[in-house]
Amino acid sequence: MIVEDLLAEFDLEMANTRKMLERVPVDKFAWAPHEKSLSLGALANHLVAMPCLATATIKGSAKRMPDANSLPTLLEAFDTNLASAREAPARSADDHLTATIPAIGMTRLAVLRTRVMSHMIHHRGHLSVYLRLLDTSVPGMYGPSADETAQSA
């Protein structure tokens, strides 16, 4: 039962992340809003790599795709990482998900929710600001965005 609830949340957050990644203007990969900020390309690639942590949390290891430098390779890498990340918990029993990982003192379920999904949501928020500053339309995550509302008005 835990797996079904987790996968519903996981699928929503990953679909929202992919919608955001689809808007990344790769000709602006080197752009950063501040000298202390990640570049757009580094931030996008960080989001693409996050599903690997879900796989590693369940299986103990994961293969990370190399950083992408085009939109098709960025989305392909995300989809590849996501497929592996979704399969890992889908094949896990509840007791495996609720077992504590001794090295960090958290259950696998807690790691998936905090260090994968919440962390992804956090950086997806950064990406939405980057897109806005670059005058790129921002997709809605939990309802329509201002860009989508303006388009339908």
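The values are calculated or read from the model by the stated rules, or taken from the named source; none is laboratory data. Since the model is a prediction, treat every value here as computed from it, not as a measurement. Cβ atoms come from the backbone with ideal geometry, glycine included; neighbour counts cover every protein chain shown.
Scanning the stretch 134-153 for residues that are part of a helix (DSSP H, G or I) and surrounded by 13 or more Cβ atoms within 10 Å (Cβ to Cβ), which turns out modelled with the highest pLDDT? Once the filter is applied, the top-ranked residue is D147. Of the residues making up the stretch 14-39, those that are under 22 Å from G140 (Cα atoms), surrounded by fewer than 19 Cβ atoms within 10 Å (Cβ to Cβ) and either in contact (Cβ under 8 Å) with a residue 60 or more places away in the chain or more than 17 Å from the chain's Cα centre (by Cα) (or both) are N16, R18, K19, E22, R23, P25, V26, K28, P33. Please count how many residues of the stretch 50-72 are assigned to a helix (DSSP H, G or I) and more than 17 Å from Y130 (Cβ to Cβ). The number of residues fulfilling the criteria is 10.
Condition test on T100, is it buried (at least 18 other Cβ atoms within 10 Å of the Cβ) and among the hydroxyl-bearing types (S, T, Y)? No: the conditions fail for T100. Of the residues making up the stretch 25-39, just one is basic (K, R) and part of a loop (DSSP other than H, G, I, E, B), namely K36.
Please indicate, with yes or no, whether at least one residue in the stretch 77-90 is in contact (Cβ under 8 Å) with a residue 12 or more places away in the chain and either in a loop (DSSP other than H, G, I, E, B) or among the basic types (K, R) (or both). Yes: one or more hits. All conditions in (1) over 16 Å from the mean Cα position of the chain (by Cα); (2) among the aliphatic types (A, V, I, L, M); (3) at pLDDT 95 or above hold for A77, with the sole exception of (1). Inclusion of G60 among residues that are free of Cβ contacts under 8 Å to residues at least 60 places away in the same chain and in contact with a Phe, Trp or Tyr (Cβ under 7 Å, 6 or more places away or on another chain) is not warranted. Kindly indicate whether any position in the stretch 40-49 is at pLDDT below 95, part of a helix (DSSP H, G or I), touching a helix residue (DSSP H, G or I) at 6+ places or on another chain (Cβ under 6 Å) and surrounded by 14 or more Cβ atoms within 10 Å (Cβ to Cβ). So far as the stretch 40-49 goes, no, none of its residues is at pLDDT below 95, part of a helix (DSSP H, G or I), touching a helix residue (DSSP H, G or I) at 6+ places or on another chain (Cβ under 6 Å) and surrounded by 14 or more Cβ atoms within 10 Å (Cβ to Cβ). Of all residue pairs spaced 6 or more apart or on separate chains, those with beta-carbon atoms under 9 Å, a first member in the stretch 109-125 that is touching a residue at least 40 places away in the same chain (Cβ under 8 Å) and at negative phi and a second member that is buried (at least 17 other Cβ atoms within 10 Å of the Cβ) and of a type in the set (F, W, Y) are L112/F10; V116/F10; M117/F10.
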